[in-house]
1. Just to be sure I understand: of the beta bridges DSSP finds with both ends in the chain, what percent are antiparallel, rounded to 5?
2. Taking 8 Å as the Cα distance limit and 6 or more residues as the minimum spacing, I'd like the relative contact order of the chain as a percentage.
3. Given the Cα-Cα distance of residue 168 and residue 20 and 0.36 nm per residue of separation, how much length would full extension add, in nm?
4. First check a/c for the chain, with a ≥ b ≥ c the square roots of the eigenvalues of its C-alpha gyration tensor; if it is under 1.5, answer rounded, and if not, answer prolate when a/b is larger than b/c or oblate otherwise.
5. Going by how many other beta carbons lie within 10 Å of each one, how would you line up 133, 121, fewest first?
6. For labels at residue 28 and residue 159 in the simple 7 Å Cα→Cβ model, what's the distance in nm?
7. Run the numbers on the range 109-225 and let me know its relative contact order in percent, using alpha-carbon pairs under 8 Å that are six or more apart.
8. Calculated FRET efficiency, residue 196 and residue 222, Cβ-Cβ r, R0 22 Å, to nearest 0.05?
Ligand SMILES: C[S@@+](CC[C@H](N)C(=O)[O-])C[C@H]1O[C@@H](n2cnc3c(N)ncnc32)[C@H](O)[C@@H]1O
């Protein structure tokens, strides 16, 4: 019975590895566009973080260039296919990287030990976004900031929204669970953080289904009574 289970799992594993490699290639292909849209914002926020930063779902390492050289980054990345390119990117930008093959819902980082937490294009693909936000809040030092960028559901009754509805299932399959119609702004505003600042951005170009994005910070109060 055990053997049957093993034999049956092999094709699925192969398929998901292939899909993961495809996802990694697509992330790399979209990196320049991402830098063009978000480079300035990322430089300002990520570049200002010092000490130990936890990045949830860093993928192939698109954010590595924004850290100050020497920053200690704990990378919570469940997909091992991402690990080699992530290490390469960290080495290129002199980031002190510690990869942990875990999901963001249960992070092996001590309470109130992180100076900053980052999640870009993350909450669209996790099973329980609220739990991930609770973990980010738990590990942040008082006064610490969670920086996020997320693609979100386009406004109702727009062409973009129709396209999202049509592509919802294939997109979720190709991108290992990524859902393009999530209301992530409401999710973050309803989360555990004390101050949430969000800018909604229509990128005005690129793939219609990920054109509407949010960027911002969620801050943990300086002291929790
Ligand atoms: C769309 S990619 C974004 C990669 C990168 N952050 C960026 O901005 O391009 C999502 C990443 O989150 C990772 N991921 C998926 N589920 C996760 C989870 N539960 N916790 C942490 N990371 C997760 C995926 O493996 C993938 O590397």
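1. Details: 15 of 34 bridges.
In the chain, approximately 45 percent of DSSP beta bridges are antiparallel ones.
2. On the way: 413 pairs, mean separation 37.6, N = 225.
Computed over the chain, the figure is 17 percent.
3. Working: separation 148, 0.36 × 148 = 53.28 nm, distance 1.80 nm.
Gain in length upon complete extension: 51.5 nm.
4. Details: a/c = 1.42, a/b = 1.14, b/c = 1.25.
Taking the square roots of the gyration eigenvalues as a ≥ b ≥ c, the chain is rounded.
5. Numbers: 133 26, 121 20.
Listing 133, 121 from fewest to most nearby Cβ atoms yields 121, 133.
6. 3.3 nm
7. Numbers: 226 pairs, mean separation 37.0, N = 117.
In percent, rounded to a whole number, it is 32.
8. Working: r = 15 Å, r/R0 = 0.70.
Computed FRET efficiency for residue 196 and residue 222 comes out at 0.90.
Readers should treat all values here as calculations from the given coordinates under stated rules, not as data from a laboratory. What you are looking at is a predicted structure, and each value in this text was computed from that prediction instead of being measured. Cβ atoms come from the backbone with ideal geometry, glycine included; neighbour counts cover every protein chain shown.
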